[in-house]
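Student: I am attaching a structure below and will ask some questions about it afterwards.
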Amino acid sequence: MEKIRNWIAKLGIRQKLVFYSYAIITPILLLISILLLAHNYRSAVKNEENRCIQNVQNISDSISVVQKNIIEMGTYISINDDIKKILTTDEAQELNRDSKLWTNHAPMKLIQDMVAIGGQIKSIAIYPENGVNPYLNCIDRSSAYLGDIGQVREQEIYALAVQEKGKFLWQRVGRCQNGQNDTYQANQNDKIVMYREIYDMARKNKLGYLAIGSSADIFDGICRNSLRGRQESVVVMSEYGAELVRCGDIEDELLSEMIAEQGFELMRGEAVQKGIRGNYRIYRCQDEETGTVVYEIVRRVGWKDLSDTVIFAPLALLMGFLIGLYPVLMIVSDLVSKPLHTLRVAMENFKQGDFSQKVEVMTQDEVGEASACFNRMVDDIRELIDRNYVLAIRERESELDTLQAQINPHFLYNTLDSLYWKATESDNDEIAEDILSLSQLFRLVLNRGDGIVTVQTEAELLERYLHIQKMRFGKRLSYEISLDRDILEEEIPKLILQPFVENAIVHGFESADGSYTLSVSGIKKRRNMVFQIRDTGVGMSGEQLEAIWEKADTRQYASQRIGRYAIRNVRERLELVYHENYELKIESSVGCGTTVIIVVPCGLKEIRQNEH
């Protein structure tokens, strides 16, 4: 058992699905096959029994038709007035002088025509009890009756006919070439002979003895044609136990028990009785008018006999279903295992560091839920990395840049202070003011490497930067900084406004003539701060606006690459800090200036505390 568990554990999902499906379905199909096999067996036995019952009934009916034709002939002979006159006459010697007395005094010609038309009767014998010569006629020319009534009276069948007083008796008479039997002096063909003693109306006086022989081949053919194989036999008996027909192999002991009618169960409402003797089923049908009994002996139906319909058919159905089920299970397993395989490959790639892995969710089942869960996990991990790892790296880079820019800051500040005091001593107040603005700008930009500042600090930085730019452009540049008091103490990422101001001056003013105006405004709108940088510069086309967010081309001028890098850098820092809770729009048209709108939420300090 442990080895089986280990073997199953090594299988893939696809193989496990097929294995478990077969493990579940096969016993069910096997049970169905067993039930179907038992049902088929019962049905086959029942059908076989019904067939045998119908067959023995058909044999009995067919033989009865032949016998009734012979009985009708015997009845006609027994009641014919002309024949009765011959049988009752007291002038036997007178009649015996006529060699054609039966033809001259009885309708024998008519009887011969009737026999010829029917074709069944082969011989007719009438033995008068009053001494008149008998009527002996063998149509097939191969037989000859006993010629004397004295010989006939010595036979057992005659005594039985007299005893039964007018009933029809049946007996099979075999061939006799060299010696006589109880009916014929010579007989080349087997015959079924009907016997009857003819009485007067009061059934007291014997008038004559009648024997009508028919070909046994007719009876044998009826029985032989009904047999399906060697496992079946048919026996036809007379009412008094004389065997008329036997077809097929049958044991004498079994035949004796049949004649004794032992062990038969009467089927109520049916004309056929049935019984069991050893390995045989026996079916019995007796005709009410002729008294003839037909027995059909059939070997009992077993599994081997019904192997084709009972065993092979269900087993073939089972095997065919199991084989046909395999491609269906493969398709179903593919539907299940293929998404799992895709999910496993995505997990493996994710494990190797590819955080862009996503699995297409095509179903709403457990596999689909697992795929959706994996996608959410990837998004959460990537977002977590962006929040912590990338932001930390950016901050470290910013600190590094700040440290690099702070090489001997005291030397820089002392130098600028020295220049400031020299300009003051020389009464050059304008230059002194410019040097002071530059010194303060450096102090604000460096700011000990802090990445988050107040809106007030960002405004002072813009003020110092624009003051210095005013020194370059003079009266051509006019600017205005207008910020609501409600937002001055709010925190924002450092240098998110200055790059757009710098771009406005470098790209909007620097390459053109004329006077230009720049305005920076900031208001509080609900829980957000809305900053707007508007200039009256040369503006940009739609293609230029789209190019801002594209990767910088190395063939572009350094100032263009730096401007685009600064804008993309601002967007990345806004995304790192505010995630999706910010808005950055640039609106511009050629000759009409440019407007930059930045919308960020208030309360950055609380947001950062919640994240940590």
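Read-outs: derived from the displayed coordinates by stated rules, not from any lab. Keep in mind that this is a model prediction, so the values were computed, not measured. When we count neighbours, we look across all protein chains shown, and the Cβ atoms used for this are built from the backbone with ideal geometry, even at glycine.
Student: For the range 464-611, treating each Cα as an identical point scatterer without solvent, what Debye log10 I(q)/I(0) comes out at q = 0.09, 0.14, 0.19 1/Å?
Tutor: With no solvent term, the Cα-only Debye profile gives -0.30, -0.72, -1.24.
Student: Mind putting a number on the dipole of the range 45-299 about its Cα centre? Charges go on the C-beta only, +1 for Lys and Arg and -1 for Asp and Glu, and I need it in Debye to the nearest 20.
Tutor: Values: 30 positive and 38 negative charges, 76 e Å.
Here the size comes out at about 360 debye.
Student: Compute the signed sum of charges (Lys and Arg +1, Asp and Glu -1) over the other residues within less than 12 Å, Cβ to Cβ, of C592.
Tutor: Working: positive: R534; negative: D535, E587.
Local net charge: -1.
Student: Kindly rank 164-171, 184-191 from highest to lowest mean number of other beta carbons found within 10 Å of each residue. Could you put the intermediate results ahead of the total?
Tutor: Numbers: 164-171: 18.0, 184-191: 19.6.
Descending packing order for the listed peptides: 184-191, 164-171.
Student: Quick check for me: using +1 on Lys/Arg Cβ and -1 on Asp/Glu Cβ, what's the dipole size of the range 479-553 about its Cα centre, in debye to the nearest 20?
Tutor: On the way: 8 positive and 14 negative charges, 94 e Å.
Charge dipole of the range 479-553: 460 debye, to the nearest 20.
Student: For I198, enumerate residues with amide H under 5 Å from its amide H, sequence gap 5+ or separate chain, H modeled in the peptide plane.
Tutor: Counting only residues 5 or more places away or on other chains, the set is L207, G208, Y209, L210.
Student: Still on this model: Using a basic spin-label model with each label point 7 Å from the Cα along Cα→Cβ, how many nm lie between A202 and Q185?
Tutor: 3.7 nm
Student: Can you list the residues, at least 5 places off or on another chain, whose amide H is less than 5 Å from the amide H of L518, using H built in the peptide plane?
Tutor: Counting only residues 5 or more places away or on other chains, the set is S478, Y479, E480.
Student: Distance cut-off 28 Å, Cα to Cα: go down the list K85/K191; K351/K585; K84/K167; K85/K122; K358/K524; K358/K585 and report the pairs above it.
Tutor: K85/K191; K351/K585; K358/K524; K358/K585
Student: Rounded to the nearest 5, what % of the DSSP beta bridges within the range 464-611 are antiparallel ones?
Tutor: Values: 22 of 29 bridges.
If we restrict to bridges inside the range 464-611, about 75 percent are antiparallel.
Student: Of V173, I222, W102, which is farthest on the positive side of the dipole of the range 45-299, counting Cα position, with +1 on Lys and Arg Cβ, -1 on Asp and Glu Cβ, and the Cα centre as origin?
Tutor: Checking the options against the dipole of the range 45-299, the answer is I222.
Student: With no solvent and one point per C-alpha, what does the Debye sum give as log10 I(q)/I(0) for the range 45-299 at q = 0.10, 0.12, 0.14 Å⁻¹?
Tutor: -0.53, -0.73, -0.94
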